[in-house]
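What follows is a set of notes on a single structure, which appears directly below.
Every number here is computed from the coordinates shown, using simple stated rules; none is lab data. None of the values given here were measured: they were computed from a predicted structure. Cβ atoms come from the backbone with ideal geometry, glycine included; neighbour counts cover every protein chain shown.
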Amino acid sequence: MLLRLQVSFLLAGVVSYGSAFTAAPRAFSSSSTTTTNFHGLPDTERSVPYTVLGISSWGTKGPPHKWADSTSKENPETNVQAYLKEPEAVEARVNIDGKCLVSGLVNDKDRTDQFLFDLLNHEESAFEFDKIVAFVDDAAFSKKRLLSRSARYTGLLDKLEFCEATSKGGLPTAEQLQGVKNWVAVIDAAKDDAMLNTVKEIASLAKASSEVENVAILLAGANELATSDCSAALESLQSADGSLTYTIVAVGKLQDTPEGKEAYHYKEFGSEEGVLPAKAVFSREEAYRMVTELLQLECGSNRALSFAEVYNVNATEVRLIKGLREAGYARPQEIDHMIREGPEVRYHDLLSTPLSLILCQNRNTHNCICFYFCPVNTRTLSLK
């Protein structure tokens, strides 16, 4: 355990998808049969050593739970992982299938942008796309960027199509959107200094289409945007009849660092708290991860969030994300937990007795037969 704690922060804790998803619209928790021993403790929860003391009496002070110092209780803010539930299946959207169009990528000579396409094609994700269309400036150039060995082995090439813009940096026309059900748009301030106007154009095109149902927009380099302009762009995506579901992920200037290296926190896009400072940066891979995960997760429906990296190792977000990954949460489960539950740690569901003490059923008497000295398996405790 000590060696595990010494591993550098989050990369070692990143978990693959596994069976992270359940059929929408309802999420179901997997259950397992747990046997109990004669002391009344589940056998499956005895994952740590314990000591059984055969003592006939606790003396005049009574059992330890009556006199133990309250400071002996474990602090959930310093031991977050112990209070997490077992990873459960998360709720995915029901309409993330058909044809998905990706715009704003595979136009750069310095990178391929394949990571985002791999996420959309991941075999253990909830995506069930028949076709993934790369909407690009130069189809011949972009084909060379994505014709990789890994794309062939994963089956991405079997789904991949290319569609060329009528003008460099342009958006798809109404005809080019025919048959498209999901649209992932990447807008980088380094190439588009009017990104919020582009959001409005995307909203107009998506609403005019009778087939587009989901729009996920990544705003890269969204530093110091005016809240009024953000709110106006957000309102343009909102539909009165609910026919269009949107997701906005706003991040700072993109850097080519691995996903999961830094923790993150988020605020509502368009709010004063959601304004990203001028020097805010974000991992490119992590940004691609966020926009694709929120596209497939139900918790990302009609949400607009600003994400920023967290560097303070004592921040609650850092401890919680590290705990989630060490507890076996896959990235979709981790992000779903962070969006639904938030990083706040609450106390009112925790045990009132010292968490280092588990007494037998007869603990309220002075003649207690058994006393277990071990940490509580607190994964059964809730953070709510």
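Quick notes on this one:
- Near VAL133, the amide H atoms lying under 5 Å from its own belong to CYS100, LEU101, VAL102, GLU161; only residues 5 or more places off or on other chains count, and H is placed 1.01 Å from N.
- Computed over segment 204-300, relative contact order equals 35 percent, with contacts defined as Cα pairs under 8 Å that lie 6+ residues apart.
- In this rough spin-label picture, where each label sits 7 Å from Cα along the Cβ direction, the GLN178-GLU128 distance is 2.6 nm.
- Listed residues GLY169, LEU157, VAL186: farthest to the positive end of the dipole of segment 124-198 (Cβ charges): LEU157
- The loop-placed trypsin sites (Lys or Arg not before Pro) in segment 264-308, going by DSSP, that have at most 14 neighbouring Cβ atoms within 10 Å of their Cβ come out as LYS279.
- In terms of packing, defined here as the mean over residues of other Cβ atoms within 10 angstrom, the peptides 209-220, 90-101 line up highest first as 209-220, 90-101.
- R0 of 25 Å, Cβ-Cβ distance GLU211-LYS261: FRET efficiency to nearest 0.05: 0.10
- Charge dipole magnitude, Cβ of K and R +1, D and E -1 - segment 90-338, Cα centre, debye nearest 20: 560 debye
- Förster-model FRET efficiency, 22 Å R0, SER271 and ASP193, C-beta, rounded to 0.05: 0.45
- Dipole of segment 90-338, positive end: most advanced residue of CYS299, ASN95, VAL133 [Cβ charges, Cα centre]: VAL133
- Length gained when the stretch LYS168-ASN95 is fully extended (0.36 nm per residue, less Cα-Cα span): 23.2 nm
- Measuring between alpha carbons in the structure, the pairs from LYS85/LYS131; LYS144/LYS181; LYS159/LYS322; LYS85/LYS159; LYS131/LYS322 lying more than 32 angstrom apart are LYS85/LYS131; LYS159/LYS322; LYS85/LYS159; LYS131/LYS322.
- Cleavage-rule hits (chymotrypsin sites (Phe, Trp or Tyr not before Pro)) in segment 307-347: DSSP loop, at most 16 neighbouring Cβ within 10 angstrom: TYR311, TYR347
- Proxy reagent accessibility, fewest Cβ within 10 Å first, across SER125, SER239, SER150: SER150, SER239, SER125
- Restricting segment 145-182 to GluC sites (Glu not before Pro) in coil, as DSSP defines it, with at most 10 other Cβ within 10 Å: GLU175
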